[in-house]
Structures are given as C-alpha cells and as structure tokens.
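The numbers here are math on the coordinates, done by the rules we state, and not lab data. All of these numbers come straight from a predicted model, not from anything done at the bench. Here the Cβ is made from the backbone with ideal geometry for all residues, glycine too, and neighbour counts use every protein chain on show.
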Ligand SMILES: [Zn+2]
C-alpha cells in the first residue's frame with residue numbers, strides 16, 4: 001500500500017519563557033523550530049543550516 005503523503009503544517013516548537021535559541025551561524029534568535037533542540041547541540045535558522053553532504 002502506498003504511504004499517504006506527509007504534507008501540511010508541521011508542528012513547531014517555541015522556546016520556553018526565559019529560554020533562548022540562538023542560531024549557531026548568525027547569532028540571531030530563533031523563534032521556532034520543527035523540533036525541540038537539546039541544550040548541548042547547536043541550532044540554526046532554516047536558512048542558516050549547514051548544507052548536508
Ligand atoms: Zn541564523
């Protein structure tokens with residue numbers, strides 16, 4: 001059976017009050033992400049994401 005296409009709005013997460021997500025590339029604040037970042041990993045704006053090999 002073919003899988004249904006996974007489209008449509010994705011759930012987006014925002015930082016908790018007092019928490020800040022800072023882009024590791026441009027240093028700007030990130031308002032929302034499609035996942036919850038772990039504190040020991042860098043996060044990026046979508047347009048700042050390093051290209052995948
Ligand atoms: Zn950025």
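Assorted remarks:
- Mean Cα-pair separation over length for the chain, i.e. relative contact order, pairs under 8 Å, 6 or more apart, %: 32
- Peptides 34-44, 3-13, ordered by how many other C-beta atoms sit within 10 Å of their residues on average, highest first, read 34-44, 3-13.
- Gain on full extension, evaluated as 0.36 nm per residue between residue 36 and residue 6 minus their Cα-Cα distance, stands at 8.8 nm.
- Alpha-carbon Debye profile of the chain, log10 I(q)/I(0) at 0.26, 0.29, 0.30 Å⁻¹: -1.09, -1.24, -1.28
- Region 6-23-region 26-53 distance, computed between alpha-carbon centres (Å): 10
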